[in-house]
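In what follows, a single structure is set out as structure tokens and then discussed.
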Amino acid sequence: MTTSLNPASSADADAVTAAAALALGDDALVLSHRLGEWAGHAPVLEEEVALANIALDLLGQARVLLSLVGDEDELAYLREERAFRNVQLVEQPNGDFAHTIARQLYFSTYQRLLYGRLAETDGPLAGLAAKAVKEVAYHQDHAEQWTVRLGDGTAESHDRMQQGCDALWRHTGEMFQPVDGIDIDWPEIEASWTASVTAVLERATLAVPEGPRTGAWSAGAGRQGLHTEPFGRMLAEMQHLHRSHPGASW
Amino acid sequence: MSDAKDWPLWEVFVRSRRGLSHTHAGSLHAPDAELALRNARDLYTRRGEGVSIWVVPSTSITASSPDEKDPFFEPAADKPYRHPTFYEIPEGVKHL
Amino acid sequence: MATAAAHQAARTQAAHATSDATGTAPGQAPGTAAYQTAFDTAVAAEERIEPRDWMPDAYRATLVRQIAQHAHSEIIGMQPEANWITRAPSLRRKAILMAKVQDEAGHGLYLYSAAETLGTGRDELLDKLHSGRQKYSSIFNYPTLTWADVGAIGWLVDGAAITNQVPLCRCSYGPYARAMVRICKEESFHQRQGYELLLALSRGTEAQHAMAQDAVDRWWWPSLMMFGPPDDESSHSAQSMEWKIKRHSNDELRQRFVDICVPQAESLGLTLPDPDLVWNEERGHHDFGAIDWTEFWEVLKGNGPCNEQRITQRRQAHDEGAWVREAAATHAAKHSEAKHAEAQDSGANGKATA
């Protein structure tokens, strides 16, 4: 079963809002799932609590956003991979703690800017963005604190943090592909993002990664439903139980 | 090098709402004050239990010894005139 | 350098300061008798013992052992439930489960914090857990094979835990009692969510109902074992009752739990896997079948289905996190002087002002 929503061909305003909500909702849903995979594996107990807090905030955002589009569970559990609109960055596997922190830094910085600008618009997502931006500010702070400690910690942590930042760099360009229904200044967001991330990396004694911010064929891919290999596996695990009992309530 | 991995202990004090003083909530480990504050926020206020947090390195706290109980606290127990219930006020007198 | 070991030394010293003051070693010399009397009187009067009070060495050791085991159980107990976070069948259930597993990490932290007031650092306790010198509750050595197991853990395992824990809120040791008050308050949703989860399954499709029954069948007996061996075989019980660390006997709490569960199972539309379970009018309690204590002791010895898996994952998380903990400690050491200077001209996080 798939949803009837087809954002590309729909012109009316509700559908455009729904497409935007789906993109942001999928980002939050998928990143929340990845962070949930840390449960029981965090490097220190205090981080178990911190990572779960972030995952729960994101899951809460996802549920609100997906509910604007349709039934949250149908959307989460019954769509095929190609129907997900999240950016590829959030679906990347956790890797080590530094890798997860790099992903958090890149994404939470983006999300905070995006929600911040969105909250200033008079669009239908403004109210939700205003609430979410407070949560996301904390996620960004968490990511920055750890980026600095790992980058400017031991030689090993520095290397790991640099590797994490480098490896995920090519997934960062995609975030700034304009999303239909979100009427904000995308180039301005990208410039602010770059300035913010650069400042943190410098404070962390890390090099700003060089190289392309998008893959050769993948520009804007996640938003159009093209994902990376690990995402299929993630969805298989996430959806398996729900799909095994068609029509059941939980 | 195992010493470097051990994070110091911090005592956490939470003001549960405006108008109340900070109360000891428990302790936690953190490498520095900034993370101690954040860990405290996540651990001790995740159900909205607080509006303000203090963290203090456990080693910075000097406590009275239980053995000093007598000289420290008994004189205070001996001054009932410090408490309002010490004074008898005729019935019907208000705002006292 | 401020290490846990240093704290421990400081605290142990503080805890023993009373005996040092009289120039005697704790627990043996002439001055001790007076302290023992004061301690006994306080316990008898239902007063709380606080960290810096004199306490018998055996009382301290018993508490450290019990609180540590309790803390270990919380953090090992995250694993069987976390096993289902990524497969939770609805977003609502997923949020609930994540919050619950997070609470368990939090509860572990409260308890380690209570143990530290007795002069034993968390690192030392974790070492003992990782090397098998300290135990955690055997219940977590059983696997969560289906989604319904998440419900059965909430209803039965948390239910048994709550039955055990509520009396601990009145434990004679202050920090432990306070941690338990907080934990019990937070845990009130854990059992209810489990029950609600099972109810949805029981009233759902045939396959869901069967899944729920299967989970209850597998978790019932291990849950009864959570109360520990029968009273006549329980090695620490009598002394712990006398010290008011423990308030009720194992068998008493087990009986209370069975009596609570029987009607709850009926409302669920599920059966408890015990043909001998019947109401005994005369006793005013349910009689129940014999518990297989051989299984209990085997699982405790390490021969349960998941002992190896649980401790390996815990050790692995700890070992793989070592570089992170070290990095943060190194960063703090590098920057502590700079930060101190910064704090002087009032940084973002201000000084405490009451």
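No value in this document is a laboratory result; all are computed from the given coordinates. Small disclaimer: the values here were computed from a predicted structure and weren't measured. For neighbour counting, all protein chains shown are included, and Cβ atoms are generated from backbone atoms with ideal geometry for every residue, glycine included.
With the convex hull constructed from alpha-carbon coordinates only, region C:139-184 shows a mean projected area of 3.6 nm² over all directions. Per the Kirkwood formula applied to alpha carbons, region A:168-232 shows a radius of gyration over Rh ratio, Rg over Rh, of 1.01.
Between 0 and 90 degrees, the angle of helix A:229-244 with respect to the longest Cα principal axis of chain A falls at about 50 degrees.
The modelled label-to-label distance between B:Leu96 and B:Thr59, using points 7 Å beyond Cα along the C-beta direction, is 5.5 nm. Nearest 10 degrees, 0 to 90: what angle lies between the long axis of helix A:13-36 and the longest principal axis of chain A (Cα atoms)? Helix A:13-36 and the main axis of chain A meet at about 50 degrees. Note on chain A: GNM, Cα springs under 10 Å; of A:Thr172, A:Thr100, A:Thr121, the largest mean-square fluctuation is that of A:Thr121. Taking amide H as placed 1.01 Å from N in the peptide plane, B:Ser52 has its amide H under 5 Å from the amide H of B:Arg15, each at least 5 places away in sequence or on another chain. With helices as the sole contributors, chain A gives -21500 deg cm²/dmol at 222 nm; each DSSP H run of n ≥ 4 counts as -39500 (n - 2.57), and the sum is divided by every residue. Taking a quarter of the surface of the Cα convex hull of region C:177-320 gives a mean projected area of 12.1 nm². A simple spin-label model places pseudo-atoms 7 Å from Cα toward Cβ; at A:Arg243 and C:His285 they are separated by 5.1 nm. Distances between every pair of Cα atoms in chain C, grouped in 20 Å steps from 0 to the bin holding the largest one, split as 25, 52, 21, 2 percent. What longest region of chain C stays clear of trypsin sites (Lys or Arg not before Pro) that DSSP places outside H, G, I, E and B and that have at most 12 other Cβ atoms within 10 Å? Longest gap between qualifying sites, sites excluded: C:134-282. Could you tell me which of the pairs C:Lys185/C:Lys244; C:Lys100/C:Lys301; C:Lys94/C:Lys135; C:Lys100/C:Lys185; C:Lys135/C:Lys246 are separated by over 23 angstrom between their Cα atoms in the structure shown? Long pairs (Cα-Cα over 23 Å): C:Lys100/C:Lys301; C:Lys94/C:Lys135. If the segment from C:Ser235 to C:Arg170 were pulled out straight at 0.36 nm per residue, it would be longer than the present Cα-Cα gap by 21.2 nm. Dividing the convex hull volume of the alpha carbon atoms of region A:54-178 by its residue count gives 111 Å³ per residue.
Return the FRET efficiency for the residue pair C:Ser267, C:Asp292: r is the Cβ-Cβ distance, R0 is 30 Å, and the value is rounded to the nearest 0.05. Computed FRET efficiency for C:Ser267 and C:Asp292: 0.65. Taking 20 °C and 1.002 mPa s as the conditions, I'd like the Stokes-Einstein D for region C:114-211 in µm²/s, using the Kirkwood hydrodynamic radius from alpha carbon pairs. It comes out at roughly 137 µm²/s.
The order of A:Met161, C:Met55, C:Met241, going from fewest to most other C-beta atoms within 10 Å of their C-beta, is C:Met241, C:Met55, A:Met161.
Projecting label points 7 angstrom from Cα along Cα→Cβ for B:Thr23 and C:Ala210 puts them 5.2 nm apart. Starting from a Cα-only point model with no solvent, please compute log10 I(q)/I(0) by Debye for the protein assembly as shown at q = 0.07, 0.10 1/Å. Reported log10 I(q)/I(0), two decimals: -0.55, -1.06. Relative to the current alpha-carbon distance between C:Lys185 and C:Arg315, full extension at 0.36 nm per residue lengthens the span by 43.8 nm. The translational diffusion coefficient of region A:97-250, from Stokes-Einstein at 10 °C and 1.306 mPa s with a Kirkwood hydrodynamic radius over alpha carbon pairs, comes to 93 µm²/s.
Using R0 = 45 Å, the C-beta based FRET efficiency linking A:Ala13 and C:Ala322 works out to 0.25. The long axis of helix A:97-120 is offset from the longest Cα principal axis of chain A by roughly 60 degrees. If I build a Gaussian network model for chain C, linking alpha-carbon pairs within less than 10 angstrom, which residue out of C:Ala114, C:Ala33, C:Ala215 has the largest mean-square fluctuation? Looking only at C:Ala114, C:Ala33, C:Ala215, the largest GNM fluctuation is found for C:Ala33.
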